[in-house]
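The values are calculated or read from the model by the stated rules, or taken from the named source; none is laboratory data. Remember, it's a predicted structure, so these values are computed and weren't measured experimentally. Here the Cβ positions follow ideal geometry from the backbone for every residue, glycine too, while neighbour counts run over all protein chains shown. To get the accessible areas, we keep the full protein, side chains included, count just its heavy atoms, and leave off ligands, DNA and RNA. Shrake-Rupley method; radii C 1.70, N 1.55, O 1.52, S 1.80 Å.
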Number of protein chains: 2
Amino acid sequence: MPIPKNDMTDSTVFTKHDHQLCIQEALDTAKEICKSNGLRLTDTRLRVLELIWQSHTPVGAYEILAKFSEEGRNSAPPTVYRALEFLQENNLVHRLASLNAFIGCIAPEHGHQGSFLICKKCSKAQELTSRELEKDIQALAGKQGFTVDNMTLEVSGVCPRCKAEA
Amino acid sequence: MPIPKNDMTDSTVFTKHDHQLCIQEALDTAKEICKSNGLRLTDTRLRVLELIWQSHTPVGAYEILAKFSEEGRNSAPPTVYRALEFLQENNLVHRLASLNAFIGCIAPEHGHQGSFLICKKCSKAQELTSRELEKDIQALAGKQGFTVDNMTLEVSGVCPRCKAEA
DNA sequence: TCTGCGATGTTACATTATAACGTTTGGCCA
DNA sequence: TGGCCAAACGTTATAATGTAACATCGCAGA
């Protein structure tokens, strides 16, 4: 695994960074993961993943569909949804339930849960990777005898950049 | 405010309890809150709230619409969605984004955020009211300069009852 | 009683997602 | 290499969820 040039777990989408690098690394990582797991990262799937990463904000399924259309692919919704399903299953993207939109996972190799800060001004979303938080939640659930399968945390608010501007 | 006969913040939907009491208390509390805040808890709104509380699992908007239809009201979607909007704004119900469904809030007077344990076997959902968790998340967000407006935490898993059965 | 605003009715439509079935493709093994 | 199977994709249709826009109603306060 190559050493990432942007440390995605420390930098945030709210701070300045080379997003081209993010995209490239995310795609490279995805390719590696699929290769080593015998998964087929097909053209459609790769392109969906790329479009998601290229966007600065979470992307809806029908936005992807529209891009496909612009590119001459005339696909129907199931094509996109199937690609998204594959990417989700393999932890390459997350779905933000509160937005009905998708975002690239910044740490697919960790199989962690998705937690997100979502700025309601600029619509950007930052994934959090807090093992602690996960443990706290596990503990809280455990107290009630509840076994956690997976969780989604979506925090809406204002990011530092938008705050600075206001 | 009357002393609740079920302590809703300690008991859970996963354990045995008198749900008729839950419903009655929830409706009474809602009436009080609306009264003291000059809000109109109309017939439609009250019935929507009641239907939500009567259900053992989170309820979709179109389920409510169907009940309305059974009851002779022939309402259109906006009627239900508007009632739901009102109830959400006044913290009487929460929307579970991961289910596109609604659930009664167990502590409307506290104006807290909603966190939920959702059992994927029986579909029941239990609201959590952990100030600590909220603070942790606030802190985590704060570290990135992010100001939290509101948050939704939805934990999917298996409840103690369903575990016992399996 | 009048009046104004908030609540509801009504129609139409937008957005998001999936079911069902046929066709293609890519890899595996004889 | 050729055939076969399963997985991926295409296609059509439709389900499920949610909202815009405008008309009407009704209640509370002047």
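Entry remark, segment B:126-153: residues being more than 17 Å from A:LYS135 (Cα to Cα), among the aliphatic types (A, V, I, L, M) and open to solvent by 20 Å² or more (accessible area, probe 1.4 Å) number 1 in total. For B:ASN100, state whether it is away from DNA strand C (no atom under 15 Å from the Cβ) and on the phi > 0 side of the Ramachandran plot. Here the answer is no, as B:ASN100 does not meet what is asked.
Considering segment A:109-120, and only residues there that are at the interface with another protein chain (Cβ under 8 Å from one of its Cβ atoms) and farther than 25 Å from B:GLN126 by Cα, the residue that is least open to solvent (accessible area, probe 1.4 Å) turns out to be A:CYS119.
Scanning segment A:61-87 for residues that are buried (at least 16 other Cβ atoms within 10 Å of the Cβ), under 16 Å from the mean Cα position of the chain (by Cα) and either more than 7 Å from DNA strand D (Cβ to nearest atom) or over 18 Å from A:LEU39 (Cβ atoms) (or both) returns A:ALA61, A:GLU63, A:ILE64, A:VAL80, A:LEU84, A:LEU87. Check off (1) in a helix (DSSP H, G or I); (2) open to solvent by 30 Å² or more (accessible area, probe 1.4 Å) for A:SER123 and give me the number that stays unchecked. Status for A:SER123: all satisfied but (1). Might you let me know whether segment A:30-40 holds any residue that is more than 14 Å from DNA strand D (Cβ to nearest atom), on the phi < 0 side of the Ramachandran plot, within 14 Å of chain B (Cβ to nearest Cβ) and at pLDDT 95 or above? No, that holds for no residue.
Conditions tested, residue by residue: (1) at positive phi; (2) outside any strand (DSSP E or B); (3) within 7 Å of chain B (Cβ to nearest Cβ); (4) at pLDDT 95 or above.
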position	(1), (2), (3), (4)
A:LEU84	no, yes, no, yes
A:HIS94	no, no, no, yes
A:LYS135	no, yes, no, no
A:THR152	no, no, yes, no
A:VAL155	no, no, yes, yes
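Residues of segment A:41-53 that are of a type in the set (Asp, Glu) and near DNA strand D (Cβ under 9 Å from one of its atoms): A:ASP43 alone.
Of the residues making up segment A:34-60, those that are of a type in the set (Val, Ile, Thr) and either open to solvent by less than 30 Å² (accessible area, probe 1.4 Å) or in contact with a Ser or Thr (Cβ under 7 Å, 6 or more places away or on another chain) (or both) are A:THR44, A:VAL48, A:ILE52, A:THR57, A:VAL59.
Can you say whether A:ILE106 is modelled with pLDDT of 95 or more, more than 9 Å from chain B (Cβ to nearest Cβ) and not in a helix (DSSP H, G or I), as far as the supplied structure shows? Against the criterion (modelled with pLDDT of 95 or more, more than 9 Å from chain B (Cβ to nearest Cβ) and not in a helix (DSSP H, G or I)), A:ILE106 does not qualify.
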